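What follows is calculated from the coordinates using simple rules that are stated; it is not laboratory data. Since the model is a prediction, treat every value here as computed from it, not as a measurement. So basically every Cβ, Gly included, is an ideal-geometry build from the backbone, and we count neighbours across all protein chains shown.
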Amino acid sequence: MADYRARVVDDQLARGLRSAGAVLLEGPKACGKTSTARQQAASTVRLDASPQLRALGEADPHLLLTGDTP
């Protein structure tokens, strides 16, 4: 993402990911949670991209977990 603006939470997120397998980002809609998380993820799966993708994940979650570990 060429237009990503660094956020204060970036360093906190990096520390959290080093110490735990997952972190929870909370905040109001459209405040940058997804953009922030995607900066540090090796891979992503957007379950909101299509109803078919969500159904696939519900039927067999392992199919969504192929590729690099996020």
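The table below lists the values:
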{"item": "Hey, residue 30 on the phi > 0 side of the Ramachandran plot and among the hydrophobic types (A, V, I, L, M, F, W, C) or not", "result": "yes"}
{"item": "Among residues of segment 1-46, those that are touching a residue at least 24 places away in the same chain (Cβ under 8 Å), hydroxyl-bearing (Ser, Thr, Tyr) and closer than 26 Å to residue 66 by Cα, counted", "result": "4"}
{"item": "Close pairs from segment 47-64: first within 17 Å of residue 34 (Cβ to Cβ), partner part of a loop (DSSP other than H, G, I, E, B) and among the basic types (Lys, Arg), Cβ under 8 Å, at least 6 apart", "result": "53/46"}
